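I have placed the structure first, in the form of structure tokens, so that the comments after it can refer back to it.
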Number of protein chains: 2
Amino acid sequence: MRIDTLAIVGVGLIGGSLALALKQQHAVGRVLGVGRSQANLDEALRLGLIDEAVSLEAAARADVVFVATPVAQMPAVFTSLVPHLGPSTLVTDGGSTKQDVIAAARSVFGGRFNQFVAAHPIAGTEKTGAGAAFATLYRDRKVVICADADTPPTAVDRVAAMWQATGALIHRMPAAEHDDVFAAVSHLPHLLAFALVDLLAASARADQYFNYAASGFRDFTRIAAGSPEMWRDISIANRDALRQQLAVYRARLDDFDRWLTTAAGPDVAAIERSYTRASTARRAWQRHIEHGEPMPRLANGGQVE
Amino acid sequence: MRIDTLAIVGVGLIGGSLALALKQQHAVGRVLGVGRSQANLDEALRLGLIDEAVSLEAAARADVVFVATPVAQMPAVFTSLVPHLGPSTLVTDGGSTKQDVIAAARSVFGGRFNQFVAAHPIAGTEKTGAGAAFATLYRDRKVVICADADTPPTAVDRVAAMWQATGALIHRMPAAEHDDVFAAVSHLPHLLAFALVDLLAASARADQYFNYAASGFRDFTRIAAGSPEMWRDISIANRDALRQQLAVYRARLDDFDRWLTTAAGPDVAAIERSYTRASTARRAWQRHIEHGEPMPRLANGGQVE
């Protein structure tokens, strides 16, 4: 696997780390960088992430174009790329949502949609910008590729090989399933954490709340320190799947409100059942991620009481 | 400050650590231990947390009785103590909820309610039992004392002095305010984390969800590995304050559902405002707990939009 010319649109943590990893593996010849901030591009050049800063028009003729901007900017990036797209150029992305990106690519690329492969590397840190990039970001991390029926297998294989060169593990999934899974395990938790911290901060008792918040609160709300712009864009881009998860969650909070106050007193058993299932699953998952123990078959599979 | 005889009811992490800290400071003469598990009492004796395992009846004659059982067991403990209570014995507790414990104490102690002081040490680890106790658990941690109008200042001072001997910082607060604060920053986050993990574990796509859950999910759900029994008891003991916090939170999730789908498209500005306020407050709080920076005056004080 070798890419002669790779263009990175958005040379931050995600794009810059891909460039570094491929360079370290001698899997790329020349790396072009595109970005709106000259200071960030200068830093990317200085750090050796890219070999040259170019325009989107010039990037469109690379062998592979990796679009690593926030998802909300991707339709505009695609629109700028398409008139200049090389005949065998392959465009791929690193966005956290996939149905919206694929829909934009399909609409903008039209008959050349077969030159696009949607993907999502499951990696990141709190840091942003070219200075945050490092070559091992993707080692042993998952990259989910969401191919359409119209996506040529050779294009998928080329994108998969590029990510494998970084040490990543390739997973494939339909885009709708991807968006549901990440709504559940990432986008909804972010919304829930942001919502809690915002409410506490806006309350008359905010000082008291933050004064007595302890380690449980610290962990639960860590993701609420994330980028508001990035999570706004993700929430909106994936709003259909997010609203579905949110609806299930809101219904469960309605259950809890009822369980805490039935006419006959609290429904102790219902609360305990829910807490016990959660605690059992969470502990099993911890052993899974720490020690590689297989996840057990979860009780009640598919049955939400 | 010196306590001749201290009785600990429930010699686990909380009770055992108090005993160890006071012994290390030579602030206690003899420590009696009461518990339902003989194995745990034997361990407490072996580790030197207690000097003798006794009955509740014998414990009731100590100078200070510290009730460190789960809050749901406190009414029964109080009922067993009161017929044998020494004339100058002071009873205090370490429960995570205060209005319910005070109401139980008032009801059971009757005319001797002035021998009771409610308190809540804000400290703990995931571990339980006598073997988890350590002498420095309370150093620089907060202990909230919730005195009633009927609580003699001398009794409050004695309990405060006991906790200060462990290195703890004394805070005082009305019980209703305590319960609201901890509903907001601890009990509600636990319920929210348990609810999410339970729903994911019970869904048909549970395997996929846990397979793709990453570090944000890990932190957000860490508290869902907690003891289901303990958190069931706390949720029920503090259900009024918890339901009030839950109502505000559910209303905010209703807002989010609407913001994601107005007739004119998503309300991008509303989502961004909420995420931005949360992120700003969470980052300021992180600097506060890590570097002691003062919390800024939060925007929108008191105004929930």
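The values are calculated or read from the model by the stated rules, or taken from the named source; none is laboratory data. Because the structure is predicted, anything quoted here is derived from the model rather than measured. Here the Cβ positions follow ideal geometry from the backbone for every residue, glycine too, while neighbour counts run over all protein chains shown.
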**Odd one out for A:Asp148 among (1) at pLDDT below 95; (2) farther than 13 Å from A:Ala119 by Cα** = (2)
**Prompt:** Going by the conditions given, is B:Tyr249 within 7 Å of another protein chain (Cβ to nearest Cβ), without any contact (Cβ under 8 Å) to a residue 24 or more places away in the chain and surrounded by 17 or more Cβ atoms within 10 Å (Cβ to Cβ)?
**Reply:** no
**Message:** Report every pair of residues separated by at least 6 positions or lying on different chains whose Cβ atoms are under 6 Å apart, first residue within segment A:270-283 and closer than 12 Å to B:Leu199 by Cα and facing chain B (nearest Cβ under 7 Å), second in a helix (DSSP H, G or I) and among the aromatic types (Phe, Trp, Tyr).
**Reply:** A:Tyr275/B:Phe194; A:Tyr275/B:Trp231; A:Ala278/B:Phe194
**Item:** Residue that is modelled with pLDDT of 95 or more and polar (S, T, N, Q), where the choices are A:Gln244, A:Gln303
**Value:** A:Gln244
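Criterion first (among the basic types (Lys, Arg) and farther than 28 Å from B:Gly226 by Cβ) does B:Arg2 satisfy it?
So B:Arg2 fits the description; yes.
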**Asked** Is there any pair with a first residue in segment A:192-206 that is buried (at least 24 other Cβ atoms within 10 Å of the Cβ) and a second that is basic (Lys, Arg) and assigned to a helix (DSSP H, G or I) whose Cβ atoms are under 6 Å apart and which are 6 or more apart or on different chains, and what are they?
**Response** A:Val197/B:Arg282; A:Asp198/B:Arg277; A:Ala201/B:Arg277
**Complete:** Taking segment A:44-59 and keeping residues over 24 Å from the mean Cα position of the chain (by Cα) and either within 9 Å of A:Ala7 (Cβ to Cβ) or not hydrophobic (A, V, I, L, M, F, W, C) (or both) leaves A:Arg46, A:Gly48, A:Asp51, A:Glu52, A:Val54, A:Ser55, A:Glu57, A:Ala58
**Message:** Looking at B:Arg258, B:Arg297, B:Arg282, B:Arg287, can you tell me which residue is more than 17 Å from A:Ile271 (Cβ to Cβ) and in a loop (DSSP other than H, G, I, E, B)?
**Reply:** B:Arg297
**Filtered residue count, segment B:31-47, keeping only those that are over 15 Å from B:Thr128 (Cβ atoms) and surrounded by 15 or more Cβ atoms within 10 Å (Cβ to Cβ)** = 5
**Fill in**
When segment B:183-237 is checked residue by residue, the ones that are more than 7 Å from chain A (Cβ to nearest Cβ) and in contact with a His (Cβ under 8 Å, 6 or more places away or on another chain) are B:Ile234
**Asked** Restricting segment A:218-263 to residues that are more than 20 Å from the chain's Cα centre (by Cα) and among the aromatic types (Phe, Trp, Tyr), which is nearest to B:Val197 (Cα to Cα)?
**Response** A:Tyr249
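Does segment B:72-80 contain any residue that is over 24 Å from the mean Cα position of the chain (by Cα) and at negative phi?
There is no residue in segment B:72-80 that is over 24 Å from the mean Cα position of the chain (by Cα) and at negative phi.
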**Prompt:** From the residues in segment A:125-142 that are in contact with a Gly (Cβ under 9 Å, 6 or more places away or on another chain), within 14 Å of chain B (Cβ to nearest Cβ) and buried (at least 16 other Cβ atoms within 10 Å of the Cβ), which one is nearest to A:Leu47 (Cα to Cα)?
**Reply:** A:Leu137
**Request:** Kindly indicate whether B:Ala183 is surrounded by fewer than 18 Cβ atoms within 10 Å (Cβ to Cβ), modelled with pLDDT of 95 or more and hydrophobic (A, V, I, L, M, F, W, C).
**Result:** no
**Request:** Return the residue satisfying two criteria in turn: it lies in segment B:151-169 and is buried (at least 17 other Cβ atoms within 10 Å of the Cβ) and among the β-branched types (Val, Ile, Thr), and of such residues it is farthest from B:Gln115 (Cα to Cα).
**Result:** B:Thr166
**Message:** Would you confirm, using the coordinates I've provided, whether A:Leu298 is within 15 Å of B:Val197 (Cα to Cα), modelled with pLDDT under 95 and crowded, with 17+ Cβ neighbours inside 10 Å?
**Reply:** yes
**Asked** Based on what the data block shows, is B:Ile122 touching a strand residue (DSSP E or B) at 6+ places or on another chain (Cβ under 7 Å), without any contact (Cβ under 8 Å) to a residue 24 or more places away in the chain and not small (Gly, Ala, Ser)?
**Response** yes
